[in-house]
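Every number in this text was worked out from the coordinates using simple rules, so none of it is lab data. This is a predicted model, so every value here is computed, not measured. Note that we place each Cβ from the backbone using ideal geometry, even for glycine, and neighbour counts take in every protein chain shown.
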Amino acid sequence: MAEKYVEMWKTLDMDIEKHNQLLNGLGQYYTSAVLSQKNRPKKMDYFDFVVSEVHGLRIKELNDLRKAGKKVVGAFCIYAPEEIVYAADATMVGLCGGADFSVPDAEVVLPRSLCPLIKSFYGFKLNRTCPYFQSSDLVVGETTCDGKKKVYELLNKLVPTYVIEVPHKPDTQQGKEFWLKELKAFKAEIEKLTGKEITTEKLNQAIELINDKRRALRRLSDLRANSPAPISGLDGLLINQIGFMDDVRRFTVKVNDLCDELEQRVIDNEGVAKEDAPRLMISGSPMAVPNWKVHSIAEESGATVTVEESCVGTRYFTDLVEPKGTTMKDLLWAIDEKYSKIPCACFTPNDRRIDSIKQLAKQFKVDGVIYYTLQNCHDYNVEGVKVERALKAQDLPMLKIETDYAMGDSAQIKTRIEAFLEIIQGKREH
Ligand code: BJ8
């Protein structure tokens, strides 16, 4: 891919040499972790193609849009209301933040004892190797966790960054009203950026566009509840990750095409693992591309990951925006209600998340839960205590893994997951 796109990357002020190193490493990792899986659905070809062109063709598409006068908005969190962005004919993309590659650059500036996701994204902007960052006209941050909030102040020196303030008690009336005001302010900011008025008609269309995408991902997720699972957890995760970068309409069509194939697989009783393979949920901090470490290890060890209770997973697509009227206030209120239901550990209390984990455990017939925390993420780490108590009451085993993006602890994680699977096996035999 490199040669073909060098001129484009230069116009985006990228560090070409460093970027080549990143692409080489990514290509090798993708081959060994993803392409090496057995019996993948044929329709995964499209998603493999997207990954192969993720810094090439997709970036060209975004920059063609920009040349046509449209804007690209980058984001890190599913709290960034994408419906409002699309209603102004702009495009939203997830920014790089899932690789260890950029962490050493970030650590020159930031403290080391910080969440790897935050270090990773800041490093990607510093070292100019994320073409999504380089193609963004505006970055949207949010006041979720303290680490992100403070790094956005530094990021704003490198790229225009607009920070949305999210209520930390979103279930209260006060929280919802506060959030509505923030949504209105964000709408005004996007109108200023794009020079376009967001009308009710445009916002309705954008709501439907994103609802369709969420419906497709929900359909895919529901199919993974079957036994044997018709698709691996790693591919399921990968598709959710790609959803933050690909063109929304095309992505929705391709996910639905894949689901058609998976439905046939279910009818034919064709799966990616044995019917009695232990079924796991992974719950916790989000996993951005190319964070495939834990899924890969768990599935290589004989388990099937059937669901991700994650922002790159169920938290993104479980709820839709459902307007109860047609005025601008009705539409914004519907967006408010949908986003207020996202059970992020940054909020308090967050019992909605515990309920969701218990419900997902039943729906996906899981034998155990891997509770996944990125190092130094206090919100997910502490909330793990409540999750563990709730799962214990349901007699569901839980394994807590706290890690970063480096591969140095892979062997240790593998040993722990294998021991966990033995516990599950022992429990089944009883
Ligand atoms: S809605 S989970 S995407 S904030 S960056 S909280 S891992 S210390 S990402 Fe998130 Fe939005 Fe919530 Fe979801 Fe922890 Fe790291 Fe903070 Fe993180």
Residue match in region 255-270 (condition: free of Cβ contacts under 8 Å to residues at least 40 places away in the same chain and outside any helix (DSSP H, G or I)): yes
Residue selected from region 128-154 under the condition over 17 Å from Ile78 (Cβ atoms) and touching a Lys or Arg at 6+ places or on another chain (Cβ under 6 Å), by the criterion farthest from the ligand (Cβ to nearest atom): Asp137
Residue in region 104-126 that is buried (at least 22 other Cβ atoms within 10 Å of the Cβ), within 14 Å of the ligand (Cβ to nearest atom) and among the polar types (S, T, N, Q) present: yes
Cβ-Cβ under 7 Å pairs, at least 6 apart or on other chains, region 339-351 side more than 15 Å from Val382 (Cα to Cα), far side charged (D, E, K, R) and within 11 Å of the ligand (Cβ to nearest atom): Ile342/Arg315
Residue match in region 317-331 (condition: within 16 Å of the ligand (Cβ to nearest atom) and not in a loop (DSSP other than H, G, I, E, B)): yes
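Taking region 291-306 as the region of interest, how many residues are away from the ligand (no atom under 16 Å from the Cβ) and either in contact with a Phe, Trp or Tyr (Cβ under 8 Å, 6 or more places away or on another chain) or part of a loop (DSSP other than H, G, I, E, B) (or both)? Before the answer, list the steps.
First, pick out the residues of region 291-306 that are away from the ligand (no atom under 16 Å from the Cβ): 292, 295-306.
Filter once more, keeping what is either in contact with a Phe, Trp or Tyr (Cβ under 8 Å, 6 or more places away or on another chain) or part of a loop (DSSP other than H, G, I, E, B) (or both): 292, 301-303, 306.
Counting residues in region 291-306 that are away from the ligand (no atom under 16 Å from the Cβ) and either in contact with a Phe, Trp or Tyr (Cβ under 8 Å, 6 or more places away or on another chain) or part of a loop (DSSP other than H, G, I, E, B) (or both) gives 5.
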Residue in region 137-179 that is surrounded by the most Cβ atoms within 10 Å (Cβ to Cβ), counting only those that are closer than 15 Å to Phe121 by Cα and of a type in the set (Val, Ile, Thr): Val140
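Can you pull out the residues in region 339-355 that are within 12 Å of the ligand (Cβ to nearest atom) and in a loop (DSSP other than H, G, I, E, B)? So that I can check it myself, show each step before the final result.
Here is the first cut: in region 339-355, the residues within 12 Å of the ligand (Cβ to nearest atom) are 339-347, 350, 353.
If the condition is that a residue be within 12 Å of the ligand (Cβ to nearest atom) and in a loop (DSSP other than H, G, I, E, B), then Lys341, Ile342, Pro343, Cys344, Ala345, Cys346, Phe347, Asn350 are the ones that fit.
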Counted residues, region 374-411 - those being of a type in the set (S, T, N, Q), within 13 Å of the ligand (Cβ to nearest atom) and within 20 Å of Glu299 (Cβ to Cβ): 1
Boolean, Tyr405 is within 30 Å of Lys119 (Cα to Cα), buried (at least 20 other Cβ atoms within 10 Å of the Cβ) and in contact with a strand residue (DSSP E or B) (Cβ under 6 Å, 6 or more places away or on another chain): no
